[in-house]
Amino acid sequence: MNSNAAVGARGGTDRDSLVIACFWLLMASSFFVLKEPAPFDLAFIVVFSLSMLFGLQVPKRLVFLILLLGGFLLFGLIGTSQSNVQEHYQESIRHVQITGLLVAVALFVACFIYRYQERALTAMMNGWVVAAVLASLAGIAGYFDLLGSYSEHFTLYGRAKGTFKDPNVLAPFLVPPALYCVYHAASRSAFWSLFNLGVLLILVLGLLLTFSRGGWAHFAVSAVLAGVLWLVYVKDRRFRSRLIGFAIIAGGVLTFAVLTLLSMESVGDLFAQRFRIQEYDSSASGRFAGQYLTAMKVLDFPLGLGSHGFLPDWFEQPHNVYLFQFVIAGWGGGLLYLAIVVATLVRGVALLNRATPLAGIIVVLVASFAGLALEGFIVDSDHWRHFYFLLGAIWGLVAIYETPARYPVPVRREPPPDPNPARPQMPMSPPEPKAVPAPAPVSAPPVSIDVPLRRAHAPEVDLTPTPEPAPPPRPAPPPPAQPVAPEPQYRIVPPSPPSPPAPEALGLRGTVE
């Protein structure tokens, strides 16, 4: 990690704070897309140029994504060249140009998150929440005719569309910020929980008034998936308990609000109508018939037809983003688009298997992207900005955690000072590895290995104790000495006194009385 990256990750300089604030404004400006070029497109050019001036770089870990996106654009150009309708050729070229701009947005988001890590990710989600609230409030105000003659600019066919062109685009745009509010409420204090509950209520009401069946299904699938992933991958018990409590409270509040809206005749009638199978879904000229015709076109034109090559045979696009990519970019482009979606989901789930403090936000991104990928089967989502927001954010995190020098490893703390100075303090050593059975036990003195504890990425150290060389063999002991017989002990015995002579020797005979 270079010095600027390290500073940006730990708190940053004034220059880094300025760039991150501009990134927040960029995300907040994404709420308005009624006109093109949108304010986001102009702000993107400014923020991108400023970031490149301040040292934004493309990490090597994004080469795989760049190859996928570059190949997808190349096949799109080839498919556009096969367009058989001259009046639609310019529209097909413009479609590829817009796709290229959105691809650049995804790569910029990935590089920016790789550069500034958690600060960039937080700025992105906070700016997205602001944009979602503004768009949702505009849709709610337009639906209830609170803006007078301006209300018609924020509705379409009696459905709230806010500052978007289509209610079916506004609805999925609100899903990731809504999930982020749930995560933020479960990981903060009671005050922030109440604040996020209010924001969540605004977003869900805006989502409901779009009357987008795909958006409703997207929110339901992503919310359930996010709840499961939070309980599985976030190990903080306090977060889990708060999440369950907030889900119960938010569920009750939202249920009451939805039932109150459905009690209104206009809302209830449209709600019931949207839940029925529509004529344009099942008729001979409906959505599913168009998808069948698209599949036949794909088999007949392996190189593609461009974005508008399908219109002469049908009056609208196929409402399936995967079939649409096969029509635009041929078999190669369609397969690459599938590879991009699948690889993003696989890499995102793989991130959750790492012990990372960002697991909660990663769940928001992965669950939202999974719901968006499923919604792509019933709608054309290849030009939705939030698709590329999620794509870039997930790959930016992949680049961080697959680069060893940028992996945020917690630093081990030093041991506290010993209160008893008389007793020598032992240095803290790393945990000993598991014992490996050896064919023969080797006796060796305990080994203490000191490693630098404050390095974020210390090299791996082999902690297996090295046995000392065996001592040379000792010489055999001498044979035991033979026992020596003790010397005899001599003592001087004094001579005994002479005995008196016998009577016979004196010539005496007889008995003496």
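Data table
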| item | result |
| --- | --- |
| Extension gain from residue 34 to residue 339, taking 0.36 nm per residue of separation minus the Cα-Cα distance | 106.7 nm |
| Sorted peptide list for 101-110, 227-236, criterion being average Cβ within 10 angstrom, highest first | 101-110, 227-236 |
| Euclidean distance between Cα centres, the stretch 149-174 to the stretch 385-399, Å | 25 Å |
| Kirkwood Rh (inverse of mean 1/r, distinct Cα pairs), the stretch 3-406, angstrom | 22.1 Å |
| Most positive-pole-ward Cα, 202, 138, 251, against dipole of the stretch 3-406 from beta carbon charges | 251 |
| Environment charge of residue 358, counting only residues whose C-beta is closer than 12 Å and scoring Lys/Arg +1, Asp/Glu -1 | +1 |
| Cα shape, the stretch 31-147, gyration tensor, a/c 1.5 rule | oblate |
| For the stretch 192-232 and the stretch 55-128, distance of Cα centres in Å | 27 Å |
| Listed residues 343, 234, 50: farthest to the positive end of the dipole of the stretch 3-406 (Cβ charges) | 234 |
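No lab work stands behind these numbers, since they all come straight from the coordinates. Keep in mind the model is a prediction, meaning the values are calculated, not measured. Using ideal geometry, Cβ is built from the backbone for each residue, glycine included, and neighbour counts are taken over all protein chains shown.
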